[in-house]
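The structure appears right after this line, and notes come after that.
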Amino acid sequence: MTHSEISHHRLVAQKLYKTSSCLPQEIVKHFGAMQAQDYAMAKWAIGSRCDFSEKEIEEAINSGQIVRTHILRPTWHFVSAEDIYWMMDLSAPQVKRFTASAAKKFGYDDKKLNQTNNSIEKLLTGNNHLTRNEIMQELGITKTGSDDFLSAAIMMNAELDGLVCNGKMKGKQITYALLEERVPKPKTKLTKEEALAKLAQRYFESHGPATVSDFSWWSGFPPTICQKTVNAIELQLNHVTIDNQEYWFKKDGFDADVFRESVHFLPAFDEILISYKTREASFNTEHQSKVFTNNGIFKPIILENGKVIGIWKRTVKKDHVKIETEFFKETESSKKEILFEGIKAFETYLETKIVIG
């Protein structure tokens, strides 16, 4: 394997070739966790890897087979119902440091946060699904500013305590529901070492070839802990050294025969980019400022044969969705027509007409 081949192998690991049929929840389980702060486009991150429509993926989320919550790092993720508890037990203590610090600025210590959790539990018991604003109104908490940092810290703390997660959509609004009413608690627990090993194996099998630094960035755990974990499971993985850097991937390797010409229109914050600390395998550094900003805002990307060749955006209209593209290099009309074949999957997923602007 050469450095230039890494992006091809990642297409296989990340199920972008769709070599097998998978349910939406199976895609999420394969990844362990999929970043999901842009809810509408995060659903497309799942849809781009399986042959299910947005409505069908929404149903998997509404039914609790896929859970949306804060986990791993202080951001939203999709997690399989089968994984939510052991993964939350593992990562919540480290993420709670961020929420505790934010809440303290508003006079909320652990005791006050626990009292607030009790109130939230009473509000949501009985499969009540309420928006954040509705919960805050019931709690008598007024907005603290345009970004409402206090209510965000309160709800994130409740998520990390395993109390709540996202509930069913209320129109276009996100709601919260009690996690245990959506996903029953398992009878057994993993040790921290077992959970770390499971998380690491899941990461390298779904994201590899990747480095320990990549896993550290994605998981939120320090490099020393990640290296120790990889050392413990190295017999369950393969690895290759490229430019003095070790890349780890699944044990049975990859079949180079599945490599093929491919174009993918992927959402902002897709795992193909966001899940690696360094991303030179996917695009030329000269285009970095167009792909993501210095403050970590990722754009929807156009991927050709594993390499980012441009960005795109969608605008939802009454009877269609308008797609606008920006290619990094001058592209002939005939080549664009070939590339635009890649957007047909998005049209099928949305079940509406796509108009390229």
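Tabulated results
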quantity: Region 13-40, residues that are assigned to a helix (DSSP H, G or I), farther than 24 Å from residue 215 by Cβ and touching a residue at least 12 places away in the same chain (Cβ under 8 Å); calculated: 24, 39
quantity: Qualifying residues in region 279-295 (those that are in contact with a Phe, Trp or Tyr (Cβ under 9 Å, 6 or more places away or on another chain) and part of a loop (DSSP other than H, G, I, E, B)) - the one farthest from residue 39 (Cα to Cα); calculated: 284
quantity: All helices (runs of 4 or more DSSP H) inside region 76-170 with 2 or more residues being of a type in the set (D, E, K, R) and in contact (Cβ under 8 Å) with a residue 60 or more places away in the chain; calculated: 84-104
quantity: Residue satisfying condition, being closer than 24 Å to residue 18 by Cα, without any contact (Cβ under 8 Å) to a residue 12 or more places away in the chain, open to solvent by 80 Å² or more (accessible area, probe 1.4 Å) and not aliphatic (A, V, I, L, M), within set 344, 336, 353; calculated: 344
quantity: Residue list for region 132-167, restricted to those being under 23 Å from the mean Cα position of the chain (by Cα) and surrounded by fewer than 16 Cβ atoms within 10 Å (Cβ to Cβ); calculated: 147, 149
quantity: Contacts under 7 angstrom Cβ, first residue in region 219-248 being closer than 22 Å to residue 77 by Cβ and without any contact (Cβ under 8 Å) to a residue 40 or more places away in the chain, partner of a type in the set (Ser, Thr, Tyr) and open to solvent by less than 70 Å² (accessible area, probe 1.4 Å), 6 or more apart; calculated: 222/216; 223/213; 223/216; 226/216; 226/219
quantity: Filtered residues of region 321-341 (kept if within 24 Å of the chain's Cα centre (by Cα) and modelled with pLDDT under 90); calculated: none
quantity: Within region 290-310, considering residues that are closer than 11 Å to residue 328 by Cβ and not acidic (Asp, Glu), the one surrounded by the fewest Cβ atoms within 10 Å (Cβ to Cβ); calculated: 290
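The values are calculated or read from the model by the stated rules, or taken from the named source; none is laboratory data. This is a predicted model, so every value here is computed, not measured. When we count neighbours, we look across all protein chains shown, and the Cβ atoms used for this are built from the backbone with ideal geometry, even at glycine. These accessible areas exclude ligands, DNA and RNA; they are computed on the full protein's heavy atoms, side chains included. Shrake-Rupley method; radii C 1.70, N 1.55, O 1.52, S 1.80 Å.
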